[in-house]
Amino acid sequence: MPVVAAIAPGSAEELARFAELQARLPELIRTVFSDRLSPRTVVVVPGLSVDAEQLARIPGALHYEERQLSMLLLLRLPNTRLIYLTSQPIHPLVIDYYLNMLQGIPTSHARRRLTLISTYDGALASLTRKVLDRPRLLHRLQESIGDPARAHLSVFNSSPLERTLAVALDVPLYACDPALMHLGGKTGARRIFRDAGVLCPDGAEGLRDPRDVAAALAALKRRNPCLRRAVVKLDEGFSGEGNACFDYQAVEGAASLERSIERRLPELLDFEAEGEHWEHYCARLREMQGIVEAWIDGGDKQSPSVQFRINPLGEIESLSTHDQVLGGPSGQVFLGSTFPARPEYRRLIQAEGLKVAEQLRERGVIGRFAVDFVVTLSGDDWTAYAIEINLRKGGTTHPFQMLQFLTNGFYDPEDGVFRTQDGQPRFYYASDNLRKDAYRRLTPDDVIEVSVEQGLHFDASTQQGVAFSLLGCVSEHGKLGLTAIGNSPAKSQELFDRAVGALDEAAG
């Protein structure tokens, strides 16, 4: 067996080779991406390249690799080959579920162009790391790609591991350069917001330890005497679980505000992540730094996000807007989304997000990303505060891809509405965190059967209905994802509620 050429990870040689590979992307966009009949290979690595500790906090984390099965929509292009990697094999039923919803292409034709490769490793670790640790598997993957000049790597998030994999496979990475990922951290995002002239909450960034946090909280209170709460965030926190709320009420009137905050910080921080504690949080803060921000209050307060893509030609594409469904102790943990964001502030967040996108483009960022906002209503006017940048795919990526996958429609950035091929608007309510212990009684077959029996399965004739994700997670963790697509926000909500009710009844 030929050995995959090894270049030391992180070496000058690897960085130089990676730059050469990335230089291929503009030509790929011009000649391959622009022609639906052009042969190409897309290597999908859907794993989350975050540390094992963060993965352990996500119930069913390994099954999150199934979320990017929406990428199977690319098999609608008749000469496109898709290689999909996973830690553990995906059940054939789940693959069939997606392929059978693919319109305009026979299932057998699509299946011939789909290659599934598994590491057979269920450890809570980066999927990319697992692939790199298996030279023979890496060689098989390399052989499966065919012509590397017509291939690219698609990932959930990029890290130095994905750069190493791209170099090993001799294909470019269509995602943010790992060297620029700090721009998507909480500290980097606040600096981008300021450079873009986009409003963000008062606060401080680059905090290294509890003393820095206490000083920042005290300074924030002095600048805003009426402020009641603030938020502490770890720089690389995931889905809001690196956040903690601080209530100023307990330190009001203290002789030395900063010393009082520092002394009482361990007891007064209210952590979003279940099971988080002070000593561990401090260690993470020292490791990755963090920020402090004013808590934004308002009578009508919403948490929308806007999604963009910067292609290798430097063109910015507005992809979608969403209202986020949030949970957790103080409503900062992502649970799901509705599409699109409300019309009252849809254009506002798109315009503010575009300013952020332009700053990221100037710094060389490519690929998908999202900008999260908090918007508040004062009188007749909405105010948008930029909260964070996610330089990766996220919880809003796969439901929107499912909408595209199922309808073959298009997004109109002028009014922020998605339309089918015949111009009809479509909306959805989606969650990848539908979780109940009773659902452990169900298998993926049961979920699909319930959907069909209750008339909920997506109907291509009406282009409405329900599509599931994370099906492999349901029996083990009682958790799955659900995207309900309707011709109005009310219809999508009704379909979502009906689906949940049907699952509840089936689970007993």
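Side notes on the structure shown:
- Against the test of being touching a residue at least 24 places away in the same chain (Cβ under 8 Å), in contact with a strand residue (DSSP E or B) (Cβ under 7 Å, 6 or more places away or on another chain) and either surrounded by fewer than 17 Cβ atoms within 10 Å (Cβ to Cβ) or part of a loop (DSSP other than H, G, I, E, B) (or both), the options Pro89, Pro78 yield a single qualifying residue, Pro89.
- Leading residue by the ranking (modelled with the highest pLDDT) among those in the stretch 34-69 that are among the aliphatic types (A, V, I, L, M), surrounded by fewer than 18 Cβ atoms within 10 Å (Cβ to Cβ) and assigned to a helix (DSSP H, G or I): Ala56
- Reported count of residues in the stretch 318-329, each being in contact with a Lys or Arg (Cβ under 8 Å, 6 or more places away or on another chain) and in contact (Cβ under 8 Å) with a residue 24 or more places away in the chain, is 2.
- Failed condition for Gly472, given (1) in a helix (DSSP H, G or I); (2) modelled with pLDDT of 95 or more: (2)
- Among the candidates Gly240, Gly253, residue that is at positive phi, in contact (Cβ under 8 Å) with a residue 24 or more places away in the chain and of a type in the set (Gly, Ala, Ser): Gly240
- Matching option when the condition is of a type in the set (Ser, Thr, Tyr), surrounded by fewer than 20 Cβ atoms within 10 Å (Cβ to Cβ) and within 16 Å of Phe339 (Cβ to Cβ), among Thr396, Thr420, Thr383, Thr407: Thr420
- Conditions (1) more than 18 Å from Thr396 (Cβ to Cβ); (2) touching a residue at least 24 places away in the same chain (Cβ under 8 Å); (3) not in a loop (DSSP other than H, G, I, E, B); number of the one not met by Thr31: (2)
- Single condition Asp270 does not satisfy, out of (1) outside any loop (DSSP other than H, G, I, E, B); (2) touching a helix residue (DSSP H, G or I) at 6+ places or on another chain (Cβ under 6 Å); (3) among the acidic types (Asp, Glu): (2)
- Thr107 meets all of the listed conditions (1) touching a residue at least 12 places away in the same chain (Cβ under 8 Å); (2) surrounded by 13 or more Cβ atoms within 10 Å (Cβ to Cβ) but one, namely (1).
- Residue among Leu234, Leu217, Leu257 that is surrounded by 21 or more Cβ atoms within 10 Å (Cβ to Cβ), more than 30 Å from Tyr64 (Cβ to Cβ) and either out of contact with any Ser or Thr (no Cβ under 7 Å at 6 or more places or on another chain) or at pLDDT below 95 (or both): Leu217
- Where helices (runs of 4 or more DSSP H) fall entirely within the stretch 122-211, those with at least 1 residues that are assigned by TED's automatic domain parsing to the domain that holds Gln68, at pLDDT 95 or above and in contact with a Ser or Thr (Cβ under 8 Å, 6 or more places away or on another chain) are at 127-132, 135-145, 160-169.
- Counting only strands (runs of 3 or more DSSP E) that sit completely within the stretch 316-419, those holding 2 or more residues that are over 27 Å from Leu102 (Cα atoms) correspond to 316-327, 333-339, 367-378, 381-390.
- Here the condition is being touching a residue at least 60 places away in the same chain (Cβ under 8 Å), out of contact with any strand residue (DSSP E or B) (no Cβ under 6 Å at 6 or more places or on another chain) and either among the acidic types (Asp, Glu) or not assigned by TED's automatic domain parsing to the domain that holds Asn157 (or both); of Cys245, Cys282, it holds for Cys282 alone.
- The one condition in (1) surrounded by fewer than 24 Cβ atoms within 10 Å (Cβ to Cβ); (2) out of contact with any Lys or Arg (no Cβ under 7 Å at 6 or more places or on another chain); (3) not acidic (Asp, Glu) that Leu180 fails to fulfil: (2)
- In the condition set (1) surrounded by 19 or more Cβ atoms within 10 Å (Cβ to Cβ); (2) of a type outside the set (A, V, I, L, M, F, W, C); (3) within 31 Å of the chain's Cα centre (by Cα), Glu274 is compliant with all but (1).
- Considering Glu276, Glu262, the condition of being more than 30 Å from Asp380 (Cβ to Cβ), outside the structural domain of Ala351 (by TED's automatic domain parsing) and part of a helix (DSSP H, G or I) is satisfied by Glu262 alone.
The values are calculated or read from the model by the stated rules, or taken from the named source; none is laboratory data. Note that this is a predicted model, so its numbers are computed, not measured. All Cβ positions, glycine included, derive from the backbone under ideal geometry; neighbour counts span all protein chains shown.
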